[in-house]
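To start, the structure under review is shown below, and the notes come after it.
The values are calculated or read from the model by the stated rules, or taken from the named source; none is laboratory data. Nothing here was measured: the structure is a model prediction, and the numbers come from that model. Positions of Cβ are backbone-derived with ideal geometry, glycine not excepted, and every protein chain shown enters the neighbour counts.
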Amino acid sequence: MSTTTTRPATTELAAARRELAKLRDTLVRADNALVDYWRTDRWRLFGHRTWRAFVEAELPQLRALAVGDPGARDAKLVELCRDHGMTQGAAADTLGVGKATASRALEGVELPDRAKGTDGRMMPTRQAAPVRRKRRRAVPLTDRAVALLTERGPLDVRQVCRELGISRTEMAPTLTRLHDAGRIAYLAPERRGQFGRWTVAG
């Protein structure tokens, strides 16, 4: 290969390397400036109520990381939280992704326990998982009625309604179903009415 071909290519590569070094330095400085805006609360000077609103209005270019390359997005989420001390919520707002996306990206990543949130208060770095409370199964009215009669002895319909907080209109067919199923028995007077009493059968 001739030297006339090699020298221009070498010179061009050297120039490209210098430009790339400048680009890297620019990206690092821009990244540090972004984190500094968040840490010092200078973003509030622009009149935005939240960090997310500030990013959306003033730095929409950041969203390209979230949609252009998921790998780059996840790496950026890790960097913001692990290296710069952002909370998971603040990092998600910076890139315009949901909290679930940020949580998946940060799963298994060692993070500081607490960091400054966008309101200036120290808070857990990770979003707490929602506590799912086990729903208590509603006890059927029929079982409640039988339990009451077992515990309290014979009661007339008015007493049953009062104890269970049920109207007579709702309670009457329930008592009939229990009677027909042989679970409760009706005491005197012989004709059913509001003064007769109910008890557990058997």
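Taken over segment 27-48, residues that are of a type in the set (V, I, T) and modelled with pLDDT under 85 amount to 2.
Hey, any hits in segment 98-105 for a residue that's in contact with a Ser or Thr (Cβ under 6 Å, 6 or more places away or on another chain) and touching a residue at least 24 places away in the same chain (Cβ under 8 Å)? Before the answer, list the steps.
Taking segment 98-105 as the starting set, the residues that turn out to be in contact with a Ser or Thr (Cβ under 6 Å, 6 or more places away or on another chain) are none.
There is no residue in segment 98-105 that is in contact with a Ser or Thr (Cβ under 6 Å, 6 or more places away or on another chain) and touching a residue at least 24 places away in the same chain (Cβ under 8 Å).
Within this structure, L59 fails the test of being aliphatic (A, V, I, L, M), under 19 Å from A115 (Cβ atoms) and either in contact (Cβ under 8 Å) with a residue 12 or more places away in the chain or buried (at least 19 other Cβ atoms within 10 Å of the Cβ) (or both).
Regarding segment 98-110, can at least one residue be identified that is among the polar types (S, T, N, Q) and modelled with pLDDT of 85 or more?
First, the residues of segment 98-110 that are among the polar types (S, T, N, Q): 101, 103.
Checking which are modelled with pLDDT of 85 or more leaves us with 101, 103.
Yes, some residue in segment 98-110 is among the polar types (S, T, N, Q) and modelled with pLDDT of 85 or more.
I need the full set of residues from segment 143-153 which are exposed (fewer than 15 other Cβ atoms within 10 Å of the Cβ) and touching a residue at least 12 places away in the same chain (Cβ under 8 Å), in order please. So that I can check it myself, show each step before the final result.
Initial filter on segment 143-153 (exposed (fewer than 15 other Cβ atoms within 10 Å of the Cβ)): 143, 147, 150-153.
Of everything in segment 143-153, those that are exposed (fewer than 15 other Cβ atoms within 10 Å of the Cβ) and touching a residue at least 12 places away in the same chain (Cβ under 8 Å) turn out to be T150, G153.
Residues that are over 13 Å from L111 (Cα atoms), over 18 Å from the mean Cα position of the chain (by Cα) and part of a loop (DSSP other than H, G, I, E, B) within segment 69-99 comprise just one, D69.
Do the conditions hold for D119, that is, is it of a type in the set (D, E), at pLDDT below 80 and assigned by TED's automatic domain parsing to the domain that holds A33? Yes.
L23 fulfils the conditions (1) more than 27 Å from A115 (Cα to Cα); (2) modelled with pLDDT of 85 or more; (3) of a type in the set (A, V, I, L, M) except for a single criterion, (2).
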